[in-house]
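Asks: Okay, handing you the structure first.
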Amino acid sequence: MARVAVTGLGAVTAFGPGVAALVDGVAAGRCVIGPLTLFAHHGRCRVAAEVPTVPEVATHVFPPATARRLSRSDRLALAAAEEACRDAGLGPEVRRAAALYLGGSVGGMQEAAFAWRGRATGEQRRWRLSRLVATPVAVTGAVVAQALGIFGPRIAFCTACSSSALAVAEAAAAIAGGVVEIALVVGTDALCHLTYAGFDALQALDQGPCRPFDAGRAGLSLGEGAAALVLERAGHARGRKAEILAYVLGAGMAADAYHPTAPHPEGAGALRALRQALEAAGVPPHAVDYVNAHGTGTRQNDAIEVGVLREVFGERLPAIPISSTKSQLGHTLGAAGAIEAVVSVLALRHGIVPPTVNLREPEDAWQSLDFVAGRSRRQSLGIAVSSSYGFGGHDVSLVFGRGD
């Protein structure tokens, strides 16, 4: 099986556009979860992590009329994808043969809701069909492929919060198995009133910034953003003299199908996914240097995830830094896996252990664990694990190794 290299990264988050903003925000331990402004919501929760400015990259690719019809998810994805391709030095000929793997959950749902509301209130005299047709997540993949001239295999995944982690796993498997030489992986999700109201109705949202692993945690905070990774066969990367930022050493995927929204009480799928990922990577648990946890800040999810980590890492767990990027950027749903994969690669590359901000006091039973509370720290890292768990028991774990 071929080694899978990471040669390019791109991101647009609530820290701002670009990977540099992501590195700076993570290292500084900033929390960008604040007042919700993108739409009016009259429920119990009114905070989120919003992208301050969505880059207008589409305007130089598509005609103005077409660019205006792109959804917010499309624009976020395209900005991250363009940066990743530049970072990897992918010219038109290389991109032409590349595959595209995309994960998300919202697509153009918010724009479709605006179109429906305009028709229902009489503000629009006819349906804006382009908004409705552009709702599926797969449309974002088509937008990115058309804009960047990617004509290889293309697939979109929608497995809730693990969508883009699954996209990374499947792209890596295709490269390792010789199906494709190079792939662009993109995760994207914009804030959407329907999903926001749904989480609020479930009483799954914290009324303030979320507090993963804190004894007083009260739910998650929603966010938005996009991230992209260029993956390729290591030999292919060396052949074109690309810099190898990291390696995807292994991945594990499982579906416990326990409940539409609640996690399995014993974390059955999450446990299988993590064990499979380490086995596929050939990495023993004692060799892991950092865990980028799913860490949503909900009482059930955090408790079950700690139980899974204890089952896998045993007595060594207190020596492994564990943190949740969601404490800074909110839960970006379908984009979370890709954003946290990029954070994991950056942690390896820069020797930064990301923090869990807003954590004041862990559960009594977790006092011995290292949640990197409050601020990041410098530490040499060789191997990182990133896990993403979705509704319906769609669980994915990824193992990354430091680049050359």
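The values are calculated or read from the model by the stated rules, or taken from the named source; none is laboratory data. As the structure is a computational prediction, the values presented were derived from the model and not from experiment. Using ideal geometry, Cβ is built from the backbone for each residue, glycine included, and neighbour counts are taken over all protein chains shown.
Asks: Return the pair list, or none, for Cβ contacts closer than 8 Å from residues in segment 85-102 that are on the phi > 0 side of the Ramachandran plot to residues that are aliphatic (A, V, I, L, M) and in a loop (DSSP other than H, G, I, E, B), at least 6 apart or on different chains.
Replies: Gly89/Ala242
Asks: I would also like to ask the following. Say whether the condition of being surrounded by fewer than 24 Cβ atoms within 10 Å (Cβ to Cβ), among the small types (Gly, Ala, Ser) and at pLDDT 95 or above is met by at least one residue in segment 155-170.
Replies: Yes, that holds for at least one residue.
Asks: Which one is farthest from Ala84 (Cα to Cα), of the residues in segment 237-253 that are in contact (Cβ under 8 Å) with a residue 60 or more places away in the chain and not in a strand (DSSP E or B)?
Replies: Checking each candidate, the answer is Arg240.
Asks: Out of segment 156-203, which residues are of a type in the set (Ser, Thr, Tyr) and within 30 Å of Arg233 (Cβ to Cβ)?
Replies: Listed by number, the residues that qualify are Thr159, Ser162, Ser163, Ser164, Thr188.
Asks: For segment 1-21, which positions are assigned to a helix (DSSP H, G or I) and closer than 27 Å to Ile175 by Cα?
Replies: Val19, the sole residue that qualifies.
Asks: Now a separate question. Which residue pairs have Cβ atoms under 8 Å apart, sit 6 or more places apart or on different chains, and have a first residue in segment 52-70 that is in the same structural domain as Ala226 (by TED's automatic domain parsing) and a second that is among the acidic types (Asp, Glu)?
Replies: Note: pairs meeting the criteria are Val57/Glu82; Ala58/Asp74; Ala67/Glu56.
Let's see how each residue does on (1) under 29 Å from Ala255 (Cβ atoms); (2) of a type in the set (A, V, I, L, M, F, W, C):
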| position | (1), (2) |
| --- | --- |
| Phe313 | yes, yes |
| Ser344 | yes, no |
| Ala347 | yes, yes |
| Pro355 | no, no |
| Asn358 | no, no |
| Gln367 | no, no |
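Asks: When only residues in segment 58-83 that are over 15 Å from Val137 (Cα atoms) and under 23 Å from the mean Cα position of the chain (by Cα) count, which is surrounded by the fewest Cβ atoms within 10 Å (Cβ to Cβ)?
Replies: So, considering only residues that are over 15 Å from Val137 (Cα atoms) and under 23 Å from the mean Cα position of the chain (by Cα), the one surrounded by the fewest Cβ atoms within 10 Å (Cβ to Cβ) is Glu82.
Asks: May I pose another question? Could you give every pair whose Cβ atoms fall below 7 Å, whose first residue belongs to segment 371-392 and is within 29 Å of Arg272 (Cα to Cα) and not assigned by TED's automatic domain parsing to the domain that holds Ile339, and whose second residue is surrounded by 14 or more Cβ atoms within 10 Å (Cβ to Cβ) and of a type in the set (A, V, I, L, M, F, W, C), counting only separations of at least 6 or pairs across chains?
Replies: Hits for this filter: zero, empty list.
Asks: When you look at Gln110, is it modelled with pLDDT under 95, outside any helix (DSSP H, G or I) and assigned by TED's automatic domain parsing to the domain that holds Ala20, yes or no?
Replies: Considered against the rule, which asks whether it is modelled with pLDDT under 95, outside any helix (DSSP H, G or I) and assigned by TED's automatic domain parsing to the domain that holds Ala20, Gln110 comes out as no.
Asks: Residue under question is Cys31, and the condition is that it be part of a loop (DSSP other than H, G, I, E, B) and within 18 Å of the chain's Cα centre (by Cα); does it hold?
Replies: yes
Asks: Here's something else I'd like to know. Within segment 393-404, can one find any residue that is modelled with pLDDT of 95 or more, more than 26 Å from Gly219 (Cβ to Cβ) and surrounded by fewer than 19 Cβ atoms within 10 Å (Cβ to Cβ)?
Replies: No: segment 393-404 contains no residue that is modelled with pLDDT of 95 or more, more than 26 Å from Gly219 (Cβ to Cβ) and surrounded by fewer than 19 Cβ atoms within 10 Å (Cβ to Cβ).
Asks: For segment 192-228, what are the residues that are over 20 Å from Ser324 (Cα atoms) and either among the aliphatic types (A, V, I, L, M) or in a strand (DSSP E or B) (or both)?
Replies: Across segment 192-228, the qualifying residues are Leu194, Ala197, Ala201, Leu202.
Asks: While we're on this one: Within segment 39-57, restricting attention to residues that are within 22 Å of the chain's Cα centre (by Cα) and at pLDDT below 95, which residue is nearest to Ser73 (Cα to Cα)?
Replies: Val54
Asks: Can you list residue pairs whose Cβ atoms sit under 8 Å apart, with the first residue in segment 344-368 being touching a residue at least 40 places away in the same chain (Cβ under 8 Å) and the second being hydroxyl-bearing (Ser, Thr, Tyr) and part of a loop (DSSP other than H, G, I, E, B)? Count only pairs 6 or more apart in sequence or on different chains.
Replies: What qualifies is Ile352/Ser376; Val353/Ser376; Pro354/Thr325; Pro354/Ser376; Pro355/Ser376; Thr356/Ser324.
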